[in-house]
Amino acid sequence: MPTYTSSNCKDTIKELVKINMRAHVQATRHMVFRILDSLLTRYRSILQELGPEFIKGYISLAEGEKDPRNLLIAFALDRVLLLEFDVKAFAEQFYDITFCYFPITFKAPVNDPYGVTGPDLVSALKQCLCASPILGPLGMPLFVEKLNAGTPPTKVCLMYL
């Protein structure tokens, strides 16, 4: 994208964050996540400059995603944002959009053409949850609750976090 500038990136993000993801099919949501991933890869410093405006918009886009293909991208984006952006003011929102998936119980259908597996999602979520200490104080009560009342597979999953 040699003619795509930082100004274009800002404009693109301002329009992307207006999208009501719940009103769109999986393929459209997937494209939005892929665009975000591309912009985050190529224009990270520009997105960091946008600060809270970008973070709020991203959270609204990621909130409530259910498709495993999209979640793999969202977890990777979450991880980068938690590691490289100032998201302290958004700790609760990041907790809400990540911890709601714990524990992952996804099992791919037989002959799944997409190739997303439960272990793929578990690994991606684990990397996300462990990316920043800001999630610790919010996540510990959930972990303790799951250790005390969770199923054996959930307890094993906790031990590997």
*Please determine, by comparing only the residues of the range 1-17 that are loosely packed, with under 12 Cβ neighbours inside 10 Å and at pLDDT 95 or above, which one is nearest to F75 (Cα to Cα).*
E15
_For the range 9-21, give me each residue that is under 10 Å from S60 (Cα atoms) and of a type outside the set (S, T, N, Q)._
V17, K18, I19, M21
*Taking the range 124-145, which residues are touching a helix residue (DSSP H, G or I) at 6+ places or on another chain (Cβ under 7 Å) and either closer than 12 Å to F94 by Cβ or modelled with pLDDT under 85 (or both)?*
C128, L129, A131, S132, I134, L135, L138, G139, L142, F143
_I'd like to verify a number: residues in the range 89-124 that are under 18 Å from P141 (Cα atoms) and assigned to a helix (DSSP H, G or I), how many?_
9
*Is there a residue in the range 18-28 that is closer than 19 Å to P52 by Cα, modelled with pLDDT of 95 or more and surrounded by 12 or more Cβ atoms within 10 Å (Cβ to Cβ)?*
yes
*Residues of the range 42-68 satisfying the condition of being in a helix (DSSP H, G or I), surrounded by fewer than 16 Cβ atoms within 10 Å (Cβ to Cβ) and not hydroxyl-bearing (S, T, Y)*: R42, R44, Q48, E49, P52, E53, K56
*Criterion violated by V116 - all others in (1) open to solvent by 50 Å² or more (accessible area, probe 1.4 Å); (2) under 22 Å from V32 (Cα atoms) satisfied*: (1)
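The values are calculated or read from the model by the stated rules, or taken from the named source; none is laboratory data. Fair warning: this is a prediction, and the values are worked out from it, not measured in the lab. FYI the Cβ positions are ideal-geometry reconstructions off the backbone, even for glycines, and counts take in every protein chain you see. The accessibility values were calculated without ligands, DNA or RNA, using every heavy atom of the protein model including side chains. Shrake-Rupley method; radii C 1.70, N 1.55, O 1.52, S 1.80 Å.
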